[in-house]
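Let me begin by presenting the structure, written as structure tokens, before commenting on it.
What follows is calculated from the coordinates using simple rules that are stated; it is not laboratory data. Everything numeric here is computed off the predicted structure, so don't read it as measured data. In this analysis, Cβ positions are derived from the backbone assuming ideal geometry, glycine residues included, and neighbour counts consider all displayed protein chains.
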Amino acid sequence: MDNQIPTSSTQAALTNDQNVIPTANSGRTIPAPIAMKDVEHVPSTRWAPSFASVTKIKIIKLSHMRYRHPSSGVDALITFLLDFGMEIVKRTENAIWFGGYGIDQYVYYAEIGDEKEFLGGTWEVESWDDLERASKLGSSPIVELKDAPGGGHMTTVHDPEGFPVNFICGASPRAQPTKQPAEALQVNDEFSKPRKGAFQRFEPGPAAVHKLGHFGLTIHDFELQFRWYTSNFNLVPSDILYAQDEAGNKFDVAAFLHVDRGKAYVDHHSFFFSVAAAQHVHHSSYEVHDYDSQNMGHYWLKQKGYKPVWGLGRHRLGSQIFDYWWDPNGFMVEHYIDGDLVNEDTPTGRQPAGDESLAVWSEPVPSTFLD
Ligand SMILES: [Fe+2]
């Protein structure tokens, strides 16, 4: 009965008692400036140097990932991505477009070829002018995506370390979702119990992918990459990680960047790069509905015999609950939920790199995770 359930006001009275100690573990939602009060802040001059007086190319958001898969591995890839929660939007002889249930026509483009290759993340830009200026970074042609659902035009340039970077403009969003989004569950905690006389019931299956959230690269030259991405585009670091040499000098080794849309709130990071021994795409990450769907998706993939990487766990920077998997051709993908949102008022933090910066709770990070 309700009157036997302690309420949050009775809890508040309890916690005002000096003799009451906190529960053994706890989580809180804290405004960013307070959460980051003990963290070194990075001034915006770090990513808006004087030579950036050239107007930056305006990205709206991350659109989709592009990979090439060997024809021998395509059937396995399709089975995996369907079990991962994507759906096939369109297939031709040489390509497959996989979608989620959000407004994007597709979130993952798989070219079918001889050898696997990372073909880059794809950024949607504001205007044709932005697309043209992006193409000039690499003297690259602008091509019409005649086969792609939603169409549009795209150009591909290469960053200073040779990673392909795609820009798209003029693609039409999906007119209406193909799937009904999952309902928000009513969740009872120890004090607040909105779910009365109703039961939680679930259908097991893949965790349906909503959208592409972010991707990341392992790189060699932090300063070179940081300058290129932050001076050419409205990409701004939400967090920077540093290492220290023997003399105690700090040098930056990783950055999590968001798409700067001014006052509008955006994902804590749409892109990251981290210095490592080998240069390669690290992973791409896709948003799913909630903790239950993420867990059901985890066990769905597990029972199918796919190779887990790391998860579930809760990241510290960005706060997402993560779950990493290998696809059958050796690219890493992630399901995430509950990421932080930031805007131009959110401070940029700089903190030491280390395993503790990666997760609040999880199994230990695999030793090869950041190779
Ligand atoms: Fe991630």
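Judged by the ratio a/c of the largest to the smallest principal axis of the C-alpha gyration tensor, segment 279-346 counts as oblate, that ratio being 1.5 or greater while a/b is no larger than b/c. For the options R66, R314, R201, a Gaussian network treatment of the chain with springs between C-alpha atoms closer than 10 Å singles out R201 as fluctuating the most.
Each Lys and Arg Cβ is given +1 and each Asp and Glu Cβ -1; about its Cα centre, segment 187-246 then shows a dipole of about 740 debye. Farthest toward the positive end of the dipole of segment 53-149, out of L131, Y106, V74, is the Cα of L131, where the dipole comes from beta carbon charges about the Cα centre. Largest GNM mean-square fluctuation among A182, A76, A24, using the chain with Cα springs under 10 Å: A24. Going by neighbour counts of Cβ atoms within 10 Å, the residues Y229, Y306 line up, fewest first, as Y306, Y229. With the alpha-carbon atoms of segment 43-185 aligned to their principal axes, the span from lowest to highest coordinate is 49, 43, 31 Å, starting with the largest. Each of V143, H280, W47 was placed along the dipole of the chain (beta-carbon charges, centred on the mean Cα), and the one lying farthest toward the positive end is V143. Residues M154, M36, M65, M332, ranked from the fewest to the most other C-beta atoms within 10 Å, line up as M36, M332, M154, M65.
Taking the chain as a Gaussian network of alpha-carbon nodes connected by springs under 10 Å, the highest mean-square fluctuation of the residues S26, S140, S127 belongs to S26.
About its Cα centre, the dipole of the chain is roughly 660 debye, where the only charges are +1 on Lys and Arg Cβ and -1 on Asp and Glu Cβ. Pairs from the list K61/K179; K193/K302; K56/K263; K90/K307; K58/K250; K90/K116 with a Cα-Cα gap above 24 Å: K193/K302; K90/K307; K58/K250. Debye sum, Cα scatterers, segment 237-291, no solvent: what log₁₀ I/I(0) at q = 0.12, 0.20, 0.22, 0.31 1/Å? So the normalised log intensities work out to -0.42, -0.89, -0.97, -1.20.
Computed from label points 7 Å out along Cα-Cβ, the spacing between T368 and K193 is 4.8 nm. In terms of its C-alpha gyration tensor, segment 126-261 comes out oblate, because a/c is 1.5 or above while a/b does not outweigh b/c. Annotation: the residues H280, H298, H335, sorted from fewest to most other C-beta atoms within 10 Å of their own C-beta, follow the order H280, H298, H335. With a/c under 1.5 counting as rounded, go ahead and sort the chain into rounded, prolate or oblate using the C-alpha gyration tensor (a ≥ b ≥ c being the square roots of the eigenvalues; past the cut-off, prolate if a/b is larger than b/c, else oblate). Oblate. Percent of C-alpha pairs per 10 Å bin in segment 30-104, short distances first: 12, 27, 17, 21, 21, 1.
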